[in-house]
Amino acid sequence: MKLGATASVIAHTMVLSWGLLTISSPRPLSVADVEALPVDIIPIEALTQTIQGDKKAPVAETPAPKPTTKPVVEEKATNVGNSKVDAKSSTSKEIAPRPVEAAAPPKAQPEAKVKPSQVTETQPEESKETVPVPTTELAVDPQEKIKVAAIEPDEQSTTSREAEAVPQEEFAKLPDLVPTPAARPAKAKPKVAKTNERKEAEKPAAKIAKAAPKSKSKKQADEISELLNRQKSTASGAKRSKRQAALGAKKTTGEKLSQNEMDALRGKIQGCFNLTAGMADAEELRATVKVRLSPSGELEGKPMVTASGGNASVRRAFKGAARRAVQKCAPYDKLPKDKYQTWAELVVNFDVSDML
Amino acid sequence: MFGHYASICRANIFALVRLLTIAVLWTGIALQQASALVEIDITKANVEPLSIAIPAFVGAGGEAEIARKIAAVVEADLKRSGLFAPIDHGAFIEKIGNPDNMPRFADWKVINAQAVVVGRVVREADGRLRTEFRLWDVFAAEQLTGQQFFTTNENWRRVAHIIADAIYERLTGEKGYFDTRIVFVSETGGKAKRRKRLTIMDQDGENLRFLTNGNDLVLTPRFSPSRQEVTYMSFAGGEPRVYLLNIETGQREIVGNFPNMTFAPRFSPDGQQVIMSLQHGGNANIYTMDLRTRKTTRLTSASAIDTSPSYAPDGTKIVFESDRGGRQQLYVMAASGGKAKRISFGTGSYSTPVWSPRGDLIAFTKRSGGKFLIGVMKTDGSRERILTEGFHNEGPTWAPNGRTLMFFRETPGANGGPNLYTIDLTGYNELKVKTPGFASDPAWSPLLE
């Protein structure tokens with residue numbers, strides 16, 4: 001009995017636990033997860049603004065990429081400092097391919113060394129100063145390189161001090177790589193190992209600059225750096241939507257009057273436009289009235305009117321009618337104040353060729 | 001981005017950077033400009049009449065009454081044109097004291113006047129009247145035109161018409177037509193025995209006088225477009241003849257002496273020729289006659305009735321009616337003759353075509369569905385528009401600016417008779433012309449010299 005009960009209990013337990021494990025959780029109804037779609041109702045004008053981009057915006061999408069560091073480079077780096085080794089090894093082939101196209105041409109000119117730091121390595125004979133180049137191992141991604149190229153000029157004079165200062169810290173951190181040659185004034189090497197931040201990219205350039213003949217005046221360099229700074233700032237200058245600028249369609253307009261606002265304005269002026277019905281030559285008559293508006297919608301100054309078509313007196317009358325329409329309708333106080341920028345100037349074209 | 005610049009020498013980089021910066025700055029400015037501008041196209045207009053304020057002219061001394069009357073005639077002329085809406089004097093805020101001063105435009109804006117006319121009448125030492133006026137644009141706050149006239153007392157109405165013409169022309173761009181006269185056939189007496197006299201009056205119905213005594217039947221008077229002369233048909237002596245009458249001198253002469261009936265005479269634009277129909281048996285053909293040499297030229301030779309010829313204002317073409325196609329239709333032909341081109345194709349028959357002095361339209365009488373209609377079409381026959389219709393409308397004549405038509409409308413019944421009406425070429429503003437009795441066959445004069 002006891003045994004039977006026990007067996008029964010065990011058996012039941014087993015069955016139940018089996019059932020519990022297998023049967024208990026029925027397969028979930030596989031319904032695809034539908035995410036709630038947030039819907040914003042926005043005027044078309046806002047939409048066009050949001051999708052507008054700025055050609056000059058920094059390339060925001062390209063992620064700060066992991067540097068395409070090659071372990072191979074690391075190995076080379078150990079030899080970099082050693083001019084003898086460098087000289088012996090016909091390095092150029094291995095290293096040159098990595099850097100970008102830019103590398104090729106500069107060889108001819110001594111100055112060219114500055115730009116593609118990589119190249120210099122391949123030509124140790126040219127000058128001793130070029131040797132520090134090792135930094136090139138960075139094999140920075142294209143983006144980085146861009147910066148180097150662009151910044152170079154201002155580095156020449158302004159950052160030379162900085163260039164000297166920084167390396168010292170680096171030395172402290174990574175002494176092992178440094179020692180090799182005696183002649184080196186500053187080691188770029190350590191930087192390489194550490195990171196490939198922009199700064200570092202600049203530093204080597206600076207070093208080179210230091211070595212390079214100081215042909216350019218500081219003033220000029222300042223000028224250039226200023227220009228560069230200014231240029232950068234335009235990308236996020238005033239008159240932008242609040243969204244971060246992004247590459248996209250060419251930005252041609254800022255805020256615009258909505259279609260409704262335009263229609264209202266058109267209707268208003270049309271109502272003020274008093275014209276003689278059945279005018280001779282009405283098909284050919286055109287007039288354009290240009291006028292500046294104050295923020296309160298009043299006319300600022302006299303409207304400028306041009307007209308064409310018809311004979312002189314009809315044209316003059318048409319011109320008068322067009323001007324009167326714009327003047328009679330003033331003030332334009334129903335225009336949205338916050339868009340004043342967009343309607344500060346009003347141009348009205350009159351063409352009634354379809355009317356008759 | 002700058003990667004490909006890397007190979008360029010430094011100097012070039014500077015230049016590039018500079019260029020780029022400039023370019024960026026300029027695009028910035030361009031963007032700014034492009035966005036700070038709203039451009040609107042207006043393709044429809046309000047065809048309401050233009051509101052104008054014409055306060056009484058200022059009369060120095062004892063001329064207040066005539067000054068008031070002149071302003072009133074100007075106002076009435078402009079109002080009748082249908083293109084102006086004079087504002088009621090009761091609404092005026094500013095009282096014009098000195099017409100040489102600028103009006104207070106704000107006061108006129110309030111009552112929605114788009115233009116203000118101020119003027120004054122002064123008696124000169126030699127007894128003549130000096131009338132001057134200024135037309136002001138209220139919204140632009142500037143004078144559009146200003147003139148002065150010297151004339152005798154009796155001519156005050158003409159001065160008023162001339163002023164109205166000046167205002168009309170300055171504001172519409174078209175010549176006015178107020179300083180003109182109408183010749184028509186005045187009809188008095190019962191329907192059985194009507195007395196028809198050639199009559200002349202100002203276009204507003206004033207200064208009426210009779211040109212013929214009413215013993216003979218007169219028909220189809222037509223004004224010379226260049227002189228104060230009228231040609232008309234008369235049955236004096238029992239036979240229809242074309243006469244020429246000088247209005248100023250009252251001198252009358254027969255235009256040629258033809259063996260057959262002549263009818264529907266009309267002047268050429270230079271006034272040197274008369275174009276008309278001459279009957280030959282059952283046919284009628286179109287002839288011109290030089291008024292100086294009296295030489296006639298035959299223009300058509302169809303075996304049909306060609307009649308009612310009318311010159312284009314440039315004198316190069318004529319339009320006439322002909323039944324050569326079976327029904328009366330309108331045809332256009334070179335003024336020297338040749339091949340005629342049919343231009344009317346609507347249902348019904350067309351007659352009495354008149355080329356607009358503006359040159360762009362031809363007015364006609366159309367008979368369709370038992371009704372007489374007055375309409376206009378382009379000179380190639382397109383865009384036919386009917387302006388008015390009724391039991392009997394006929395004989396359209398153009399105002400010299402080609403903007404308004406006058407015609408006569410006959411009412412049916414024993415007591416019915418013809419009356420003169422004007423209508424705008426857009427088909428609006430139909431008005432009855434004030435005449436002493438019944439009137440028909442109007443002819444509008446050119447602007448007086």
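The values are calculated or read from the model by the stated rules, or taken from the named source; none is laboratory data. Note that the structure is predicted; figures quoted are calculated from it, not measured. No Cβ is skipped: glycine too gets one built from the backbone with ideal geometry, and neighbour counts run over all protein chains shown. Note: accessible area is taken over every heavy atom of the protein model, side chains too, but ligands, DNA and RNA are not part of it. Shrake-Rupley method; radii C 1.70, N 1.55, O 1.52, S 1.80 Å.
With the structure loaded, tell me whether B:ALA140 is of a type in the set (Gly, Ala, Ser), assigned to a helix (DSSP H, G or I) and open to solvent by less than 20 Å² (accessible area, probe 1.4 Å) or whether it fails that test. Spell out the reasoning first.
Numbers: of a type in the set (Gly, Ala, Ser): yes; assigned to a helix (DSSP H, G or I): no; open to solvent by less than 20 Å² (accessible area, probe 1.4 Å): yes.
Judged against the criteria, B:ALA140 is not a match.
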- Query: Of all residues in the range A:328-348 being out of contact with any helix residue (DSSP H, G or I) (no Cβ under 9 Å at 6 or more places or on another chain) and outside any loop (DSSP other than H, G, I, E, B), which is surrounded by the fewest Cβ atoms within 10 Å (Cβ to Cβ)?
  - Reply: A:ASP338
- With (1) within 19 Å of B:ILE42 (Cα to Cα); (2) modelled with pLDDT of 85 or more; (3) assigned to a loop (DSSP other than H, G, I, E, B) as the list, and A:SER296 as the residue in question, which single condition is left unmet? (1)
- Message: I'd like the full set of residues that are part of a strand (DSSP E or B) and within 23 Å of B:THR411 (Cα to Cα), limited to the range B:368-384.
- Response: B:SER368, B:LYS371, B:PHE372, B:LEU373, B:ILE374, B:GLY375, B:VAL376
- Task: Would you be able to tell me the number of residues in the range B:345-367 that are more than 21 Å from B:SER226 (Cα to Cα) and in a loop (DSSP other than H, G, I, E, B)?
- Result: 4
- Query: Any residue in the range B:276-284 that is at pLDDT below 85, more than 27 Å from B:GLY437 (Cβ to Cβ) and in contact with a Leu (Cβ under 8 Å, 6 or more places away or on another chain)?
  - Reply: no
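Can you tell me how many residues in the range B:256-279 are over 28 Å from the mean Cα position of the chain (by Cα) and surrounded by fewer than 20 Cβ atoms within 10 Å (Cβ to Cβ)? Let's see the steps before the verdict.
Let us first name the residues in the range B:256-279 that are over 28 Å from the mean Cα position of the chain (by Cα), namely B:256-262, B:278-279.
After this cut, where a residue has to be surrounded by fewer than 20 Cβ atoms within 10 Å (Cβ to Cβ) as well, the list is B:256-261, B:279.
Selection size over the range B:256-279: 7.
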- Message: Given the options B:SER445, B:SER356, name the one that is at pLDDT 90 or above, in contact with a strand residue (DSSP E or B) (Cβ under 7 Å, 6 or more places away or on another chain), closer than 28 Å to B:GLY271 by Cβ and within 14 Å of chain A (Cβ to nearest Cβ).
- Response: B:SER356
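Please verify whether B:GLY402 is within 14 Å of another protein chain (Cβ to nearest Cβ) and outside any strand (DSSP E or B), treating the condition exactly as stated.
On the way: within 14 Å of another protein chain (Cβ to nearest Cβ): yes; outside any strand (DSSP E or B): yes.
Answer is yes for this residue.
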- Go through (1) within 19 Å of B:ARG170 (Cα to Cα); (2) more than 14 Å from chain A (Cβ to nearest Cβ); (3) open to solvent by less than 20 Å² (accessible area, probe 1.4 Å); (4) of a type in the set (Gly, Ala, Ser) and name the single condition B:SER81 misses. (2)
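Filtering the range B:143-164 down to residues that are open to solvent by 70 Å² or more (accessible area, probe 1.4 Å) and more than 14 Å from every other protein chain (Cβ to nearest Cβ), which residue is nearest to B:ARG104 (Cα to Cα)? Steps first, answer last, please.
Our first condition is that a residue be open to solvent by 70 Å² or more (accessible area, probe 1.4 Å); within the range B:143-164, this holds for B:143, B:147-148, B:150, B:154, B:158.
Next cut, more than 14 Å from every other protein chain (Cβ to nearest Cβ) only: B:147-148, B:150, B:154, B:158.
Working: B:GLN147: 21, B:GLN148: 22, B:PHE150: 28, B:GLU154: 34, B:ARG158: 30 Å.
Filtering the range B:143-164 for residues that are open to solvent by 70 Å² or more (accessible area, probe 1.4 Å) and more than 14 Å from every other protein chain (Cβ to nearest Cβ), the one nearest to B:ARG104 (Cα to Cα) comes out as B:GLN147.
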- Message: On the basis of being open to solvent by 20 Å² or more (accessible area, probe 1.4 Å) and either modelled with pLDDT of 90 or more or over 27 Å from B:ASP202 (Cβ atoms) (or both), does B:THR365 make the cut?
- Response: no
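Is it the case, given these coordinates, that B:SER226 is within 25 Å of B:LEU291 (Cβ to Cβ) and buried (at least 20 other Cβ atoms within 10 Å of the Cβ)? Write out each step before concluding.
Details: within 25 Å of B:LEU291 (Cβ to Cβ): yes; buried (at least 20 other Cβ atoms within 10 Å of the Cβ): no.
Spelling it out, it is not the case that B:SER226 is within 25 Å of B:LEU291 (Cβ to Cβ) and buried (at least 20 other Cβ atoms within 10 Å of the Cβ).
Which of the residues spanning the range B:130-142 are touching a residue at least 12 places away in the same chain (Cβ under 8 Å) and either out of contact with any Pro (no Cβ under 9 Å at 6 or more places or on another chain) or within 14 Å of chain A (Cβ to nearest Cβ) (or both)?
B:ARG130, B:THR131, B:LEU135, B:TRP136, B:ASP137, B:VAL138, B:PHE139, B:ALA141
Looking at A:ALA280, A:ALA325, can you tell me which residue is in a helix (DSSP H, G or I) and at the interface with chain B (Cβ under 9 Å from one of its Cβ atoms)? Walk me through how you get there before you give the answer.
On the way: A:ALA280 fails: in a helix (DSSP H, G or I).
Just one listed residue meets the conditions, A:ALA325.
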- Query: Quick check: anything in the range A:287-310 within 10 Å of another protein chain (Cβ to nearest Cβ) and over 45 Å from the mean Cα position of the chain (by Cα)?
  - Reply: yes
- Verdict on B:GLU65 being away from every other protein chain (no Cβ under 14 Å) and over 30 Å from B:LEU425 (Cα atoms): yes
- the range B:319-342 residues that are farther than 16 Å from B:PHE267 by Cα, paired with ones that are among the charged types (D, E, K, R) and in a loop (DSSP other than H, G, I, E, B) (beta carbon under 9 Å, 6 or more apart): B:GLN329/B:ASP323; B:TYR331/B:ARG324; B:VAL332/B:ASP380; B:MET333/B:LYS339; B:ALA340/B:ARG324; B:LYS341/B:ASP380; B:ARG342/B:ARG324
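For the range B:229-255, which residues satisfy the criterion of being among the hydrophobic types (A, V, I, L, M, F, W, C) and buried (at least 17 other Cβ atoms within 10 Å of the Cβ)? Working first, answer last.
Applying the first criterion (among the hydrophobic types (A, V, I, L, M, F, W, C)) to the range B:229-255 yields B:230, B:233, B:235-236, B:242, B:244-245, B:247, B:254-255.
The answer is B:VAL230, B:MET233, B:VAL242, B:LEU244, B:LEU245, B:ILE247, B:VAL255.
Can you report the number of residues in the range B:100-129 which are assigned to a loop (DSSP other than H, G, I, E, B), touching a residue at least 60 places away in the same chain (Cβ under 8 Å) and either open to solvent by less than 70 Å² (accessible area, probe 1.4 Å) or closer than 19 Å to B:ILE163 by Cα (or both)? Lay out the reasoning, then the answer.
Of the residues in the range B:100-129, the ones assigned to a loop (DSSP other than H, G, I, E, B) are B:100-104, B:111-114, B:124-128.
Still in the list and also touching a residue at least 60 places away in the same chain (Cβ under 8 Å): B:112-114.
Of the ones still in play, those that are also either open to solvent by less than 70 Å² (accessible area, probe 1.4 Å) or closer than 19 Å to B:ILE163 by Cα (or both) are B:113-114.
Final tally of qualifying residues: 2.
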